[in-house]
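Quick notes on the structure that follows.
The values are calculated or read from the model by the stated rules, or taken from the named source; none is laboratory data. As the structure is a prediction and not an experimental result, all values here were calculated from the model. We place every Cβ from the backbone using ideal geometry, glycine too, and count neighbours over all the protein chains shown. Calculation scope for accessible area: heavy atoms of the full protein, side chains included, ligands and nucleic acids excluded. Shrake-Rupley method; radii C 1.70, N 1.55, O 1.52, S 1.80 Å.
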Amino acid sequence: MRTIEEAKALIESLRPLQEEPADGYIFPCPRCGHSRMDEKPVRNALSRYADVYICNLCGMDEALQDAKGKPPLPLNEWGMVRGFDEDERN
Ligand SMILES: [Zn+2]
């Protein structure tokens, strides 16, 4: 398991690729891991907790949890970070 700081750096390294997709590849949402990102970065949501675009469902979820006074999903439990951890274990 990565620290929050490591996870944040990993997640935020995605932002330039979201804005300038190499070969037009649209990365899945870093938070939930689902391929439901709009190809236009600005049509997605900006996370409140990391400088990165997330899908609109995750954007709504962050807002809802925040409104309920619940703590956010820790950055080291985001789909993208878990995916990296699994790759390293295999
Ligand atoms: Zn998402």
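For the chain, the solvent-accessible area of protein heavy atoms averages 64 Å² per residue (probe radius 1.4 Å; ligands and nucleic acids excluded). Pop the C-beta distance of E20 and E77 into the FRET formula with R0 = 22 Å and round what comes out to the nearest 0.05. After rounding to 0.05, the efficiency reads 0.20.
Taking the Cα centre of the chain as reference, the dipole from Cβ charges on Lys and Arg (+1) and Asp and Glu (-1) amounts to some 380 debye. For the chain, pairs of C-alpha atoms spaced more than 14 angstrom apart make up 63 percent of the total. Placing unit charges on the Cβ atoms of the charged side chains and taking the dipole of the chain about its Cα centre, the candidate lying farthest along the positive direction among L46, F27, L14 is L46. When both segment 76-90 and segment 1-70 are represented by their alpha-carbon centers, they are found 15 Å apart.
Sparsely packed loop sites in segment 3-74 (the GluC sites (Glu not before Pro) outside DSSP H, G, I, E and B with at most 15 other Cβ atoms within 10 Å) comprise E39.
Note on the chain: GNM, Cα springs under 10 Å; of G69, G59, G33, the largest mean-square fluctuation is that of G69. The chymotrypsin sites (Phe, Trp or Tyr not before Pro) of the chain that meet both conditions, a loop assignment by DSSP and at most 13 other Cβ atoms within 10 Å of the site Cβ, are Y25.
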